[in-house]
Amino acid sequence: MKLIYDLSFEDLENYLIENGLKAFRAKQIFKWLYEKRIDSFEQMSDISNSLKEQLNRDFIINEFEVVKRQESKDGTIKFLFKLNDGALIETVLMVFDYGYSACISSEVGCNMGCKFCASGLLKKQRDLTAGEIVLQVLSLQKYLDTKDKRLDNIVVMGTGEPFDNYDNVLKALSIINSPYGLQIGARHISISTCGIVPMIRKFANEKVQYNLAVSLHAANDLLRSELMPINKAYNLESLMDALSYYSEFNNRRITFEYLLIAGLNNHEKDADDLARYLKGKNAYINLIPYNEVKENPYRSTSDEETLAFYDMLKKRGIAVTLRQKRGTDIDAACGQLRAKEMIK
Ligand code: SAH
């Protein structure tokens, strides 16, 4: 059976019409689900009993079971959720100066096979449904409700490749973004992809205002292919072509994420490659300190090495920001908590 959160606003209107009911009820139901954030259909006090019963017959309205909750000294909270079929996913709540941000997963496991990533240790079991993506955000908002706080930002940067589960991710974001839904503005929502070129083009055609981030990690094909198998299918040139196409429609800055791995991608030559790759582009680099994963050989850079690479990019005129480390005391590396639970 479907989760009620699997329905976009339009899906819900269609469902109501198909059942001989008034479409405007969709607005009421969405308000109950996402504004008042109730836990059962029974609580929808302005909905008729017969509709409540029908909703109860056709949809599940439940919360994930919290299998584990790890809280970091810096305020980051990592949730390990159990889905209705028993699958485990991670969702992370982060606190920044500008507010609360949720890092959500798009798949159970991941097939992209990036060598440095803990999520890839376990292959994709299945896509998350739109409702399971929405429910991650809703669960964190319900947790924040207990503190009278509001989620400000959503980043689709947890386990999974969002463009490998394209339809469900975009549907979920439409619910999160809906004026009747969670009302998180498109500019406060970011999608991070490893670079599935045809999907970047498809995304460009949607003309939505979400931010796009691309995991780059190397600006030469040899090294990038070694780290990220996706580069063998879509190399750097085809990636930039797709991003240029995207920029034609949406002249927002593209974020390139660049993980710093000691002795691997932090040389002067790597900075040169980056400068060449980004020349004339409306883009910036977000340097990410690497969270070490026990099962692989990659090591994080020291603070001095991180700053040295930052300076190398600055000197070359590249717009660059340095991501703060978050939750390093709580298995913060993507997929680490889930991998630990499953490999134990
Ligand atoms: N598949 C998407 C989104 C999930 S990964 C993508 O590739 O962008 C989200 C980000 O976390 C990516 O930039 C990824 O490269 C990075 N990441 C993966 N493992 C990491 C680790 N151990 N430490 C820090 N960042 C990591």
Two decimals, Cα atoms only, Kirkwood Rh: what is Rg/Rh over region 1-101? 1.07
Based on the Cα gyration tensor of region 2-60, what are the three equivalent ellipsoid semi-axes, each the root of five times an eigenvalue, rounded to whole Å and given largest first? 15, 13, 12
Output the relative contact order of the chain, whole-number percent, from Cα pairs under 8 angstrom with separation of 6+ residues. 16
In square nanometres and to one decimal, what's the mean projected area of the convex hull around the Cα atoms of the chain? 17.5
Could the peptides 84-92, 144-152 be put in order, highest first, of the mean number of other beta-carbon atoms found within 10 Å of their residues? 84-92, 144-152
Most to least packed among 57-65, 258-266, 96-104 [average Cβ atoms within 10 Å]: 258-266, 96-104, 57-65
Here the tail fraction of P(r) beyond 18 Å, over all Cα-Cα pairs of region 89-171, rounds in percent to 42
Using mean Cβ contacts within 10 Å as the protection proxy, how do 46-55, 197-206 order, highest first? 197-206, 46-55
Phi angles of region 205-220, converted by Karplus (6.51 cos²θ - 1.76 cosθ + 1.60, θ = phi - 60°) into ³J(HN,Hα) in whole Hz with x for Gly and Pro, give 5, 5, 6, 8, 9, 5, 7, 10, 10, 10, 7, 9, 6, 6, 10, 10
Consider just the alpha-carbon atoms of region 219-271 and return their Rg together with their Dmax, both in angstrom. 12.7, 38
Here, trypsin sites (Lys or Arg not before Pro) of region 225-257 satisfying both criteria (DSSP loop; at most 16 other Cβ within 10 Å) are Arg252, Arg253
Could you tell me, in Å, what Rg and Dmax come out for the Cα atoms of region 198-242? 11.6, 33
Grab the DSSP H runs of the chain that are 4 residues or longer, score each as -39,500 (n - 2.57), total them, divide by all residues and round the 222 nm result to the nearest 500 deg cm²/dmol. -10500 deg cm²/dmol
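None of the figures in this text is laboratory data; all of them are computed from the coordinates on show. None of these values were measured; they are calculated from a predicted model. Because the Cβ atoms are built from the backbone with ideal geometry, glycine has one as well, and the counts that use them run over all protein chains shown.
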